[in-house]
Amino acid sequence: MKRASIDVGLKRIGVAICLSADIVIPQNAILRKNRNQAARDVNTFLKEWEIEQLIVGLPLDALSSEEMQRRIKHFVSLLALTIPVVYQDEQSSSVEAKELTKGIFRHKKDGKIDSIAAKIILERYLAKS
């Protein structure tokens with residue numbers, strides 16, 4: 001099954017894919033100008049890769065997680081998907097992504113960290129499935 005994960009942020013959406021077995025590959029992040037453009041870009045990405053399941057990172061334990069959960073679920077509703085959507089706890093995935101990439105590339109606002117976080121989210125989902 002072809003799976004993708006997204007790490008939805010206010011400025012960027014990290015993206016990762018798993019096309020077979022358990023090899024997860026981060027993709028270029030989607031830069032978010034507004035939610036409608038971002039939803040179109042995510043939909044295009046999912047169609048191009050023929051994704052069969054979407055894993056969405058959702059903060060479950062953070063202090064401000066309730067508002068972010070609401071925003072993420074609203075964004076997912078804009079996607080109007082015909083494939084299954086699964087929510088996966090994203091707790092500390094961005095922190096872990098920054099730690100993993102220390103010294104490998106500079107932490108710019110280009111979305112690389114966001115896509116590594118999406119990779120971590122998808123790997124967590126695959127590990128528990």
Can you confirm whether Asn34 is under 18 Å from Asp114 (Cα atoms) and without any contact (Cβ under 8 Å) to a residue 60 or more places away in the chain? yes
Taking region 45-83, which residues are part of a helix (DSSP H, G or I) and farther than 20 Å from Ile17 by Cβ? Ser65, Glu66, Glu67, Met68, Gln69, Arg70, Arg71, Lys73, His74, Ser77, Leu78
Residues satisfying the stated conditions in region 11-27, i.e. exposed (fewer than 14 other Cβ atoms within 10 Å of the Cβ) and touching a residue at least 60 places away in the same chain (Cβ under 8 Å): Lys11, Asp22, Ile25
Picked from region 99-125 (must be farther than 11 Å from Ala16 by Cβ, of a type in the set (A, V, I, L, M) and assigned to a helix (DSSP H, G or I)), the residue modelled with the lowest pLDDT is Leu100
All but one of (1) modelled with pLDDT of 95 or more; (2) within 14 Å of Leu122 (Cβ to Cβ) hold for Thr44, so report the exception by its number. (2)
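Conditions tested, residue by residue: (1) modelled with pLDDT of 90 or more; (2) in contact with a Cys (Cβ under 6 Å, 6 or more places away or on another chain); (3) more than 25 Å from Ser129 (Cα to Cα).
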residue: Val8; (1), (2), (3): yes, no, no
residue: Cys18; (1), (2), (3): yes, no, no
residue: Ala21; (1), (2), (3): no, no, no
residue: Asn28; (1), (2), (3): yes, no, yes
residue: Ala39; (1), (2), (3): yes, no, yes
residue: Ile55; (1), (2), (3): yes, no, no
residue: Ile72; (1), (2), (3): yes, no, no
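Residue-by-condition table, conditions (1) under 17 Å from Gly111 (Cβ atoms); (2) not hydrophobic (A, V, I, L, M, F, W, C):
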site: Ala4; (1), (2): yes, no
site: Val8; (1), (2): yes, no
site: Ile13; (1), (2): yes, no
site: Ala16; (1), (2): yes, no
site: Lys33; (1), (2): yes, yes
site: Gln37; (1), (2): yes, yes
site: Lys47; (1), (2): no, yes
site: Gly57; (1), (2): yes, yes
Residue satisfying condition, being buried (at least 17 other Cβ atoms within 10 Å of the Cβ), within 14 Å of the chain's Cα centre (by Cα) and farther than 15 Å from Ser93 by Cα, within set Leu46, Leu58, Leu31: Leu46
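The values are calculated or read from the model by the stated rules, or taken from the named source; none is laboratory data. Source: prediction; values computed, not measured. In this analysis, Cβ positions are derived from the backbone assuming ideal geometry, glycine residues included, and neighbour counts consider all displayed protein chains.
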